[in-house]
Structures are given as structure tokens and as C-alpha cells.
Amino acid sequence: MSKRLLLDTLDEFAGREIVADFWLRDDDAVEPTPALDRFLDLCGEFAVASTLAVIPEPTGDALAARLEKHSNVDVAVHGWAHRNHAGPQEKKRELGLHRPLDLVLGELRQGLAKLQALHGDRCVPMLVPPWNRIDAAVVEHLPDLGYKALSVYGPEEETSLPLLNTHIDVIDWRGSRGGKDHDTLFADIAMRIRTAQDSGRMTGILTHHLDHDETVWAFLRSLFEVTSSHPACRWRSSRLWLKEISP
Ligand SMILES: [Zn+2]
């Protein structure tokens, strides 16, 4: 079983006194929902830090109030309205050059300001582009808008600002649109933590609380059971990571 493979890998790390750094990004939060409660409760049960990628335009005070009692939950900027501006033949994209660049940048400036006003210190100046897609021309301007980091999906590429990517998506979007097979996920994580070790990077787990079926919820519980108290594993918050790299 691949859960065993992850555990063996972590045990081997522990023997060599190295630590695998994990972080958890959950996308598309707007307001409190039963699914969000379930996500926050599960993370809380295992003391796992999380970062909610919040959609600025439709969100408001209710989410901020819901998060108030949690110290281990960060908020990042998930585009502006999570609206697709690409053509019908293209992959969905909000932060492309389908509209004037100044308009896109204006929304991103407004998004950060709104989430900072709502969430204070909990808001991390990190952009999470909807559908994990953004044009290089937009990325170039992010530091001028106050962003200090970018988070997409997949291996890290060279960019003008620090990247905190996600690598393991728990949902099979192209197939069943339900949770991926647990064995596959555990095997992928075991492989990723070795790559991450070589590159000095973290391993990012990507979730979407509004879209989880029972397979996903069971996987997260199982992952937290294996990792949350293992000496070779550390769940880190994006806020502390960012403080470390740009004090
Ligand atoms: Zn999204």
C-alpha cells in the first residue's frame, strides 16, 4: 500500500534527520459554508496550518468573522472575481491579456487591498491565479502592486518573485471530478517529498473544500494521520514561510 510507502519515506527521512515541509492550499473560499466548517475542523483536529485562496470580489465580513477564532489559517488572493475572460477554444483564464493590462492590474491591486482590510495580518500578499494560470506580463507587475509571492500548480519555474507552488491536487478534474485514488496520491506525495528535498522546496497539497466528495475527506484525514505528528514532517503556514524569505 502506498500509504506505507509514504510512511517508509518519512521514517527514512527521520533516520537521516531531515524534514519534509508541507503546506496546504484550499481554493475558492468566499463565505462560511458547512464544507468550509468541515475543512477547518479537520485541519484544527490535527493542528495543520492552511491557506485559503479567497475570491476578493464576492467575499465580505462573514468569512472574516468565521476565521477570527483560528490562528492557523492564512488568506491569499485568488484573482479578483474568478471570471473567465478567455475565448471558448482557450483554457479558462482570468489573469491573461484578453483585457487591457491596466484593468487586470487594477483588479489585483483592489483584491489585495480588500482582503487586507477584511483579514488584517492573516492576509498573505500572495497571488493564487484562478485556474492556476497567469500571463508573464501580469506577473512582472505583481511586486509593484504589493505582492510578495505567487502560487500556481506544478513544478516551480523562474519568475520575478518567490513561488510557493502546489504539487498534489486531490481532485481528478479531468476524469471523475471526484477524489483521486488514495494509493496514487500517497505515491505521488512520497515521490514529491524527495524532489522537494533536493530542491529545498515545500510540497504543496491543493484542495477545494466546496468540491470534496467523501473520498477526498477520507484522504485528507488519512494524510494528516500519517504526517501531522511524524518527526520528519512539518506542516508550515504560508505566512511564516513568507516572513522567513522576505523579512
Ligand atoms: Zn479557483
Note down all Cβ pairs under 7 Å where the first residue falls in segment 78-106 and is over 16 Å from GLY146 (Cα atoms), the second is of a type in the set (A, V, I, L, M, F, W, C) and in a loop (DSSP other than H, G, I, E, B), and they're at least six residues apart or on different chains. ALA81/ILE55; HIS82/ILE55; LYS92/ALA86; ARG93/ALA86; GLU94/TRP80; GLY96/ALA86; HIS98/ALA86
Specify the residue that is nearest to ASP121 (Cα to Cα); the eligible residues are those in segment 40-71 that are touching a Phe, Trp or Tyr at 6+ places or on another chain (Cβ under 9 Å) and part of a helix (DSSP H, G or I). CYS43
Test: ALA190 is of a type outside the set (S, T, N, Q), outside any strand (DSSP E or B) and within 19 Å of LYS3 (Cβ to Cβ): yes
Hey, can you tell me all the residues within segment 105-142 that are open to solvent by 20 Å² or more (accessible area, probe 1.4 Å), closer than 21 Å to ARG25 by Cβ, part of a helix (DSSP H, G or I) and hydrophobic (A, V, I, L, M, F, W, C)? LEU118, TRP131
The correct count of residues that are polar (S, T, N, Q) and touching a Cys at 6+ places or on another chain (Cβ under 9 Å) in segment 61-88 is 1
Inside segment 1-43, the number of residues satisfying the requirement of being within 16 Å of the ligand (Cβ to nearest atom), in contact (Cβ under 8 Å) with a residue 60 or more places away in the chain and surrounded by fewer than 22 Cβ atoms within 10 Å (Cβ to Cβ) is 4
Answer yes if at least one residue in segment 15-28 is assigned to a strand (DSSP E or B) and at positive phi, and no otherwise. yes
Within segment 221-247, which residues are part of a helix (DSSP H, G or I), among the hydrophobic types (A, V, I, L, M, F, W, C) and under 15 Å from THR166 (Cα atoms)? TRP241
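Test PHE46 against the criterion of being within 15 Å of the ligand (Cβ to nearest atom) and either at pLDDT below 95 or of a type in the set (Phe, Trp, Tyr) (or both), and give yes or no.
no
The values are calculated or read from the model by the stated rules, or taken from the named source; none is laboratory data. Please read all numbers here as calculations on a predicted model, not as lab measurements. Here the Cβ is made from the backbone with ideal geometry for all residues, glycine too, and neighbour counts use every protein chain on show. The protein model used for the area step is the full one, side chains on, heavy atoms only, and it has no ligands, DNA or RNA in it. Shrake-Rupley method; radii C 1.70, N 1.55, O 1.52, S 1.80 Å.
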